Structures are given as structure tokens and as C-alpha cells.
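Presented below is the structure to which this report refers.
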Amino acid sequence: MRYTRFGSARSFFIGGFNHVPNVDAVIYFVRDILPLVHAQRPEIRFNIVGSDMPDAIRALASDLVNPVGYVPDVTPWFEQSRVFVSPLRHGAGMKGKIGQSLSYGLPVVTTRIGAEGIGLTAEVDALIADDPLVFAQSVVRLYTDDALWHRMSAAGQALIERRYSKAAVAPMLLPLLT
């Protein structure tokens with residue numbers, strides 16, 4: 001198991017920016033949610049990692065927002081962040097970015113659309129909020145409630161192990177391959 005650094009004041013998003021829902025999610029987070037987060041926790045910084053980053057995302061750069069762009073190894077970003085945010089408002093299917101975050105033990109705040117396809121349960125495996133204020137409060141909760149952070153970290157890793165590990169998937173795949 002991998003563990004995230006608990007004391008970090010960083011939140012982050014990862015995604016390919018040739019996918020319009022990712023562009024929308026980041027702009028929405030920075031404009032509508034992050035100011036609400038900073039009203040309560042001004043030390044929190046937001047990193048944006050991903051390929052094909054458009055100028056609209058780079059233009060969000062500030063003391064609080066770091067549009068990193070493409071990185072060859074995403075592991076340090078998962079390991080050095082406190083919260084993964086995925087405020088997706090559009091899209092469908094399983095969100096690999098969320099599964100990857102959970103596998104690192106990085107607690108996730110997402111929307112109902114972001115939670116689709118992976119089997120997340122609100123307040124068990126992730127915090128799920130569609131309203132900007134509730135989303136911001138959920139991010140802040142993961143910075144202020146140590147027990148919640150550790151519980152979400154462990155539950156997210158357990159969900160990935162239970163549903164998506166080799167041991168979980170092999171019994172379903174082997175009959176298809178033989």
C-alpha cells in the first residue's frame with residue numbers, strides 16, 4: 001500500500017486536458033469552489049497536473065494555483081497531496097483519476113458525476129458534493145478532521161483492493177480467456 005503525506009497543504013487534480021470535462025472541472029473549481037476553501041483555509045494550494053493543458057488553465061496561475069502541466073511520473077503528486085479534487089460536471093464512465101487517487105490512499109472529494117462507475121459510497125469511500133459550498137466544506141473537512149482523513153484514506157484503498165485488484169478481477173477474467 002502507498003500512503004499520502006497527511007500534513008500537506010496541497011490539493012490537486014490530474015487529467016488530460018484534451019478532454020473538455022477536465023477543463024471545465026478545473027475552471028469551475030478555481031473560480032467557484034477554491035475561493036470558498038480559502039475563506040476558511042488560506043494556506044491550501046491547488047496543483048493542476050495533466051497533458052495538453054490549454055492557455056485557459058495556465059491563465060489560472062496565482063500564488064494559490066499552480067498549473068504544472070504534463071509530468072512523466074505522477075507518483076509524487078499523489079504522495080505529496082492531502083486531498084484529490086474531481087469536481088466533474090460532465091462525462092460518463094469510470095474515472096481512472098479517482099481510482100488512482102484512492103489506490104494511493106489519497107482522499108477524494110468529487111461530484112456525483114465523478115463518482116459514477118467506480119462504486120463510491122458518500123461519506124464511506126469519498127466525499128461527494130455537487131454544490132460549490134458543500135464541495136468546499138468537504139475539502140476543508142479533510143484538512144481539519146484527522147480521523148476523517150485517515151478513515152477515507154483507508155476506505156478508498158480498501159475499495160480499490162476489494163473491487164479492482166488482481167485477486168478481485170482474475171476470477172472474472174480467467175473464464176473469458178480460456
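Counted residue by residue at 0.36 nm each, then reduced by the alpha carbon distance between them, the extension gain from VAL124 to LEU176 reaches 15.5 nm. Could you tell me which of rounded, prolate or oblate describes the stretch 104-144, using a ≥ b ≥ c as the square roots of the eigenvalues of the alpha-carbon gyration tensor, with rounded for a/c under 1.5 and, failing that, prolate when a/b is larger than b/c and oblate otherwise? It is oblate, given that a/c is not under 1.5 and a/b is not larger than b/c. Between ARG31 and GLU43, full extension at 0.36 nm per residue minus the direct alpha carbon distance yields a gain of 2.6 nm. Going by a ≥ b ≥ c, the root eigenvalues of the Cα gyration tensor, does the chain fall in the rounded group (a/c under 1.5), the prolate group (a/b larger than b/c) or the oblate group? Taking the square roots of the gyration eigenvalues as a ≥ b ≥ c, the chain is prolate. Go through PHE29, ALA155, GLY91 and say which Cα lies farthest out towards the positive end of the charge dipole of the stretch 10-177; charges sit on Cβ, +1 for Lys and Arg, -1 for Asp and Glu. Positive-most Cα among the choices belongs to ALA155. Among the GluC sites (Glu not before Pro) within the stretch 74-151, those in coil by DSSP and having at most 13 neighbouring Cβ atoms inside 10 Å are GLU123. Is the C-alpha gyration tensor of the stretch 34-97 telling us rounded, prolate or oblate? Criteria: a/c under 1.5 is rounded; beyond that, a/b larger than b/c is prolate, otherwise oblate. Rounded, because the longest to shortest axis ratio a/c is under 1.5. Couplings for the stretch 73-78, taken from phi via the Karplus curve 6.51 cos²θ - 1.76 cosθ + 1.60 with θ = phi - 60°, read 9, 7, 3, x, 5, 6 Hz in order; Gly and Pro are left as x. Longest stretch of the chain clear of exposed loop sites (trypsin sites (Lys or Arg not before Pro), DSSP loop, at most 15 other Cβ atoms within 10 Å, sites excluded): 90-178.
Under a model in which nothing but the beta-carbon of Lys, Arg (+1) and Asp, Glu (-1) is charged, the chain shows a dipole of about 300 debye around its Cα centre.
Close amide-amide hydrogen proximity is noted between SER81 and ARG5, each under 5 Å apart and 5 or more residues distant or on a separate chain (H modeled in the peptide plane; Pro and chain starts excluded). Applying both filters, DSSP loop and at most 15 other Cβ atoms within 10 Å, to the chymotrypsin sites (Phe, Trp or Tyr not before Pro) of the stretch 53-140 gives TYR70.
Near ASN47, the amide H atoms lying under 5 Å from its own belong to SER11, PHE12, PHE13, ASN66; only residues 5 or more places off or on other chains count, and H is placed 1.01 Å from N. On the beta carbon distance between GLU161 and ALA59, with R0 = 45 Å, the FRET formula returns roughly 0.70.
FYI, it's all coordinate maths here, none of it is from the lab. Since the model is a prediction, treat every value here as computed from it, not as a measurement. Quick reminder, even Gly has a Cβ in these numbers, built from the backbone with ideal geometry, and neighbours come from all protein chains shown.
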